[in-house]
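Enquirer: I'd like to ask some things about the structure below.
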């Protein structure tokens, strides 16, 4: 399954369980965010807009049930949710599904099975996540929107197309010729390759990563690369 750009929020107050789930998901290529309580879960969802949520029900501050209800009612969010709980009663499972969960996993569980459940739910609900997310940057192609940590970024048409192309090819070296073909398809290349440098420079000014490693790296003599990790 292609997991590029798929981000998952794990909401679990047990450190060992949370890190174990994260380890298995990252092995499959998912970008993983973490929250230790219901309050942090809602804040993280609002900031990072993940494609999927694994939600423990027994949480400090705000319960998992409240988080799910909040996402479905107030946020009107269609993000897929797997509920994680020690409750095994059939009534509890039905209650969770009626709240809006897409699946229900009881503890103890196999991390490998949980990953399989995630992939199964994504196959059914992938249309809900028509976006790509890396390092806090989210591109929503159906809406033509770009967000960084929950805040919208205003891009020109060329900057948007460039960023979207980079994020569809994470960690790959893209030549200036490839980038020109993306920006000016089916046209004779009357635009010099250095025009790409100008577009990339302007894009970099808008998507700096907190002063850390550049999101768009220059690969001398070859082109550019979007550093997804």
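Here, each number is a calculation from the coordinates, and none is a lab measurement. Small disclaimer: the values here were computed from a predicted structure and weren't measured. A quick note on method: Cβ atoms are made from the backbone with ideal geometry, for glycine too, and the neighbour counts reach across all protein chains shown.
Enquirer: Between residue 46 and residue 219, what is the FRET efficiency for a Förster distance of 41 Å, r being their Cβ-Cβ separation, to the nearest 0.05?
Expert: 0.70
Enquirer: Something else about it: Using 1/(1 + (r/R0)^6) with R0 = 25 angstrom and r between the beta carbons of residue 109 and residue 140, what's the FRET efficiency to the nearest 0.05?
Expert: 0.20
Enquirer: How would you rank 169, 199, going from fewest to most other Cβ atoms within 10 Å of each one's own Cβ?
Expert: Lowest count first: 169, 199.
Enquirer: Helix 64-73: angle to the longest alpha-carbon principal axis of the chain, degrees 0 to 90, nearest 10?
Expert: So the helix axis and the longest Cα principal axis differ by about 50 degrees.
Enquirer: Over the chain, calculate the relative contact order: mean separation of alpha carbon pairs under 8 Å at least 6 apart, over the residue count, as a percent.
Expert: Relative contact order, the chain: 15 percent.
Enquirer: Pop out the Kirkwood hydrodynamic radius of the chain from its pairwise C-alpha distances, inverse of mean 1/r, in Å to one decimal.
Expert: By the Kirkwood definition, the hydrodynamic radius is 19.0 Å.
Enquirer: Using only the alpha-carbon atoms, how far is helix 111-125 inclined from the longest principal axis of the chain? Give it as 0 to 90 degrees, nearest 10.
Expert: 70
Enquirer: Additional query: How large is the helix-only mean residue ellipticity at 222 nm for the chain, computed as the sum of -39500 (n - 2.57) over DSSP H runs with n ≥ 4, divided by its residue count, in deg cm²/dmol to the nearest 500?
Expert: Computed ellipticity for the chain at 222 nm equals -12500 deg cm²/dmol.
Enquirer: Still on this model: With viscosity set to 1.306 mPa s at 10 °C, what whole-number translational diffusion coefficient in µm²/s follows for region 69-154 from Stokes-Einstein and a Kirkwood radius over Cα pairs?
Expert: The diffusion coefficient I find is 107 µm²/s.
Enquirer: Further question on the same structure: Could you list the residues of region 145-160 with an amide nitrogen less than 15 Å from a label point located 7 Å from the Cα of residue 198 in the Cα-to-C-beta direction?
Expert: Correct set: 156-159.
Enquirer: For region 7-128, just run the numbers: alpha carbon Rg, then divide by 2.2 N^0.38 Å, N being how many residues it has.
Expert: 0.94
Enquirer: To the nearest 10 degrees, how steeply does helix 15-27 sit against the main Cα axis of the chain, on a 0 to 90 scale?
Expert: Between the helix axis and the principal axis of the chain, the angle is about 40 degrees.
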